[in-house]
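As structure tokens, the structure follows; a few thoughts come after it.
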Amino acid sequence: MDLKSLIREIPDFPKPGILFRDITTLLRDPDGLRYTIDSFTQKCKDTFPEVDYVVGMESRGFIVGTPLAYQLKAGFIPVRKPGKLPAEVHAIEYQLEYGMDRLEVHKDALQPGCRILIVDDLIATGGTAAATAKLVQQAGCNLVGFGFIIELRDLGGRRYLPDVPIVTLIEY
């Protein structure tokens, strides 16, 4: 299936000069959604045979991470923007391609030694994924790898990630 044909491109969003890859058009297509989740699951099963938790970043990481966790028979842990989680959190500030941001995860969600797969819809410059990796590693977890539906290769986000396997479905 040609997944690229189901992804809308929006120029100059969220700021001039950025070409935004919008997966909402992929998600609304029943066959495209099913193919994406099934293909992503199979690649992750092949690459990461033992995963305790899938960690997904707000908000599109929730969309792909939850069904993936279900298929992998793993739990799902959300990483959120500030002020969204009600209990004590681990937090990290990081640089976005267009500003600063902060991520949080419940302290009791991550147990030392658990095997973590971090997923999101897209990797661009790698800032969000790298920050999430630091969060889970600071909690003493074993980061087994990353999974992304889309990788923007020209932006080189991989170089900022820890040296673990990375699964992607689509590259631009």
I need a count of the residues in segment 40-72 that are free of Cβ contacts under 8 Å to residues at least 40 places away in the same chain and either among the aliphatic types (A, V, I, L, M) or within 18 Å of Gly113 (Cα to Cα) (or both). 2
Starting from segment 136-159, keep only residues that are over 22 Å from His90 (Cβ atoms) and open to solvent by 10 Å² or more (accessible area, probe 1.4 Å), then list their pairs with residues that are of a type in the set (A, V, I, L, M) and not in a helix (DSSP H, G or I) whose Cβ atoms are within a distance under 9 Å, requiring at least 6 positions of separation or different chains. Leu152/Leu19; Leu152/Leu122; Leu152/Ile123; Leu152/Ala124; Leu155/Ile123; Leu155/Ala124; Arg158/Ile123; Arg158/Ile166
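Pick from Pro30, Pro78, Pro67: which is closer than 22 Å to His90 by Cβ and modelled with pLDDT of 95 or more?
Numbers: Pro30 fails: closer than 22 Å to His90 by Cβ; Pro67 fails: closer than 22 Å to His90 by Cβ.
The conditions single out Pro78.
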Which of (1) part of a helix (DSSP H, G or I); (2) open to solvent by 80 Å² or more (accessible area, probe 1.4 Å) is the odd one out, the single condition Lys15 does not satisfy? (1)
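Does segment 36-51 contain at least one residue that is open to solvent by 50 Å² or more (accessible area, probe 1.4 Å), closer than 16 Å to Leu122 by Cβ, within 13 Å of the chain's Cα centre (by Cα) and not polar (S, T, N, Q)? Before you say what the answer is, go through the steps one by one.
So the first thing to find is which residues in segment 36-51 are open to solvent by 50 Å² or more (accessible area, probe 1.4 Å), and the list is 38, 42-43, 45-47, 49-50.
Right, trim to closer than 16 Å to Leu122 by Cβ and you get 43.
Within this subset, residues satisfying the condition of being within 13 Å of the chain's Cα centre (by Cα) are none.
No, segment 36-51 contains no residue that is open to solvent by 50 Å² or more (accessible area, probe 1.4 Å), closer than 16 Å to Leu122 by Cβ, within 13 Å of the chain's Cα centre (by Cα) and not polar (S, T, N, Q).
Mind listing whichever residues of segment 18-35 are in a helix (DSSP H, G or I), within 19 Å of the chain's Cα centre (by Cα) and not hydroxyl-bearing (Ser, Thr, Tyr)?
Leu26, Leu27, Gly32, Leu33, Arg34
Which ones in segment 132-155 are small (Gly, Ala, Ser) and closer than 23 Å to Leu19 by Cα? Before the answer, list the steps.
As a first pass, look at segment 132-155 and keep what is small (Gly, Ala, Ser): 133, 139-140, 145, 147.
Across segment 132-155, the qualifying residue is only Gly147.
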Kindly provide the set of residues from segment 1-12 that are part of a helix (DSSP H, G or I) and free of Cβ contacts under 8 Å to residues at least 60 places away in the same chain, ordered by number. Ser5, Leu6
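Among the strands (runs of 3 or more DSSP E) contained in segment 91-172, which hold 2 or more residues that are in contact with a Pro (Cβ under 8 Å, 6 or more places away or on another chain)?
Working: elements: 99-106, 115-123, 142-151, 166-171.
Correct list: 99-106, 142-151.
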Hey, can you tell me all the residues within segment 97-135 that are open to solvent by 20 Å² or more (accessible area, probe 1.4 Å), in contact (Cβ under 8 Å) with a residue 40 or more places away in the chain and under 27 Å from Leu26 (Cα atoms)? Glu97, Tyr98, Leu122, Thr128
For segment 52-88, which positions are under 16 Å from Ile123 (Cβ atoms), assigned to a loop (DSSP other than H, G, I, E, B) and open to solvent by less than 50 Å² (accessible area, probe 1.4 Å)? Glu58
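The values are calculated or read from the model by the stated rules, or taken from the named source; none is laboratory data. As the structure is a computational prediction, the values presented were derived from the model and not from experiment. Quick reminder, even Gly has a Cβ in these numbers, built from the backbone with ideal geometry, and neighbours come from all protein chains shown. The protein model used for the area step is the full one, side chains on, heavy atoms only, and it has no ligands, DNA or RNA in it. Shrake-Rupley method; radii C 1.70, N 1.55, O 1.52, S 1.80 Å.
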